[in-house]
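Student: This is the structure I want to talk about, given as structure tokens.
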């Protein structure tokens, strides 16, 4: 019995340690991802495990696990004996992301248009108007990455709300799994896209609340495609201007 108790205590201690490591890795993942999305770690920047560990006051293990997760999600990239950096998307990466996002979100727009209640329409319109005001304010905020981060966060929440209103759990999971909104956020930040047409999201919300699924589909399609050429052009030079370099410190 005593041996069993000792074994159980050892198992519990092991699970607690494992849980703590996972918690640190999750915290590191969130902080590094936010630094990337905020633009503090720019596309193409080398990610030193040593510097990240010092900055986040963590050991190498959670930092390494966080970077592995970010690499699996396509936000960072690694090369043997060279290092890890914030991933520089190719033109095809960008186009593929937009194609997937368009397919998923236009379907969400159609279903949302069909199924929203009057109260939900009113709430969506208010959210869209607030988002337009945030983007208008961001145009005058010089290099305020924290404010722009909050704007992008609200922007993603708005689009996720449209997906929720589609009332299709499978579609919502697909949008989350493909991370199309995260990639759009990253591309906009990297391309320094801060301004949008005055009523950009309000006009989209009006179409979604119109009861006309074709109008909703077209509005979402145009909404997603807006600025794509500029994003491709602005990011197209990064592959040349930020080549891989041999690492000096990991």
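Student: Taking 0.36 nm per residue of sequence separation and subtracting the Cα-Cα distance, how much length would be gained by fully extending the chain between residue 241 and residue 103, in nm to one decimal?
Tutor: Details: separation 138, 0.36 × 138 = 49.68 nm, distance 3.21 nm.
So the extension gain works out to 46.5 nm.
Student: So, one more: Sum -39500 (n - 2.57) across every DSSP H segment of at least 4 residues in the chain, then divide by the residue count to get the 222 nm mean residue ellipticity, nearest 500. Mind dumping the intermediate values first?
Tutor: Working: 12 runs with 181 residues, N = 250.
After summing the helix terms and dividing by residue count, I get -23500 deg cm²/dmol.
Student: Taking a label point 7 Å from the Cα of residue 123 along the Cα→Cβ vector, which residues of segment 166-191 have an amide N closer than 18 Å to it?
Tutor: Inside the label zone: 166-169, 172.
Student: What is the Cα centroid distance between segment 90-148 and segment 220-239, reported in whole angstrom?
Tutor: Taking the Cα centre of each part, segment 90-148 and segment 220-239 sit 15 Å apart.
Student: Cα extents of the chain along the three principal axes, largest first, in whole Å?
Tutor: On the principal axes, the chain reaches 68, 56, 31 Å in Cα extent.
Student: Let me ask you something else. Could you give the distance between the Cα centres of segment 159-210 and segment 41-59, to the whole Å?
Tutor: Each part's Cα centre sits 29 Å from the other's.
Student: Related question: Please compute the Kirkwood hydrodynamic radius over segment 91-236, one decimal place, Å, based on all pairs of different Cα atoms. Don't skip to the answer; put the middle values down first.
Tutor: Values: mean 1/r = 0.0650 Å⁻¹.
Its Kirkwood hydrodynamic radius stands at 15.4 Å.
FYI, it's all coordinate maths here, none of it is from the lab. All values reported here derive from a predicted model rather than from experimental measurement. All Cβ positions, glycine included, derive from the backbone under ideal geometry; neighbour counts span all protein chains shown.
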